[in-house]
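Everything below concerns the one structure shown next.
The values are calculated or read from the model by the stated rules, or taken from the named source; none is laboratory data. Everything numeric here is computed off the predicted structure, so don't read it as measured data. As a convention, Cβ positions derive from the backbone with ideal geometry for all residues, glycine included, and neighbour counts pool all protein chains shown.
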């Protein structure tokens, strides 16, 4: 019976940990989902704190998952997990009934569930939790080795969260991830994986991203761009090879562009929807390489490629560069998950 209880706790812990890690990996996306929940619940006054609330919730999920997997403080961890599962189940039931046009965000951008699927997922987790919470004959606290494993997990989770507050998600699950096609040549940009942009005259300039190579600088919050970030865009622009067109996409209107954009960048300035820019690149001021309508690679505003990296990138072909970027990013996240489960299960 102890084995069954332990296995049920492991399953619930794994779901909590993976769900939390996916949201910690994409704090911007988690903030957007949190905003939708606050609007749905009529808590608009809390919208300024959406990012903080989303990060805190994701961190709680990941830490509870690690505690369940390692088996520390079983009684209190199970109580807290049960409370959260009841809250999640009630919320997803309300979503199922009301059916608002939003995603549950349970697993970030990695897995999209319908409201019904999300509700039944929580019902299954509640059943597993009930099995895990059955009384056990084993007395006493956690072994020292379990506490060491949990402590190491906490440090790793906090470092993982801190890294993704500064850099892009290790693995991109958005519609505009590397390898995604923005549009087919000759067609209008419509749909979830489009990126319409227009110039100061209001004319659409879709060809800028489909006819050649473009390095797109996306600024979805221009009011939060300080002089240093604008200068970094200008520096990277000057370092680009001649065959790469610099394109600055800003989430504002042509009438207000001069209020935010430096004078020496207005000649490459175009305009796009804020939500789409956040999908293209989670970093405010981030850079995205696009080749004939395909997303090749992305960089955070804090980690632009240097001249050597750019030269290496253009020494081969774009398809090879794209696959290298995708595989490297994906392996980074997979290595984190495998390392974490090794620590939590094997120690």
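Would you point out which residue out of 249, 277, 266 is farther than 26 Å from residue 322 by Cα and not assigned by TED's automatic domain parsing to the domain that holds residue 29?
One residue alone meets the criteria, 266.
Please enumerate the residues belonging to segment 62-74 that are more than 16 Å from residue 162 (Cα to Cα) and surrounded by fewer than 24 Cβ atoms within 10 Å (Cβ to Cβ).
Listed by number, the residues that qualify are 64, 71, 72, 73, 74.
Which residues, counting only those in segment 141-157, are over 21 Å from residue 74 (Cβ atoms) and in contact (Cβ under 8 Å) with a residue 60 or more places away in the chain?
Correct list: 156 only.
Answer with yes or no whether residue 224 is surrounded by fewer than 18 Cβ atoms within 10 Å (Cβ to Cβ), out of contact with any helix residue (DSSP H, G or I) (no Cβ under 6 Å at 6 or more places or on another chain) and at pLDDT 90 or above.
yes
In segment 241-269, which residues are under 22 Å from residue 177 (Cα atoms) and surrounded by fewer than 21 Cβ atoms within 10 Å (Cβ to Cβ)?
Listed by number, the residues that qualify are 244, 245, 246, 251.
Does any residue of segment 82-94 turn out to be free of Cβ contacts under 8 Å to residues at least 24 places away in the same chain and either under 21 Å from the mean Cα position of the chain (by Cα) or more than 28 Å from residue 9 (Cβ to Cβ) (or both)?
So far as segment 82-94 goes, no, none of its residues is free of Cβ contacts under 8 Å to residues at least 24 places away in the same chain and either under 21 Å from the mean Cα position of the chain (by Cα) or more than 28 Å from residue 9 (Cβ to Cβ) (or both).
Can you tell me which residue is modelled with the lowest pLDDT among those in segment 155-210 that are touching a helix residue (DSSP H, G or I) at 6+ places or on another chain (Cβ under 6 Å) and farther than 24 Å from residue 26 by Cα?
Among those residues, the one meeting the criterion is 185.
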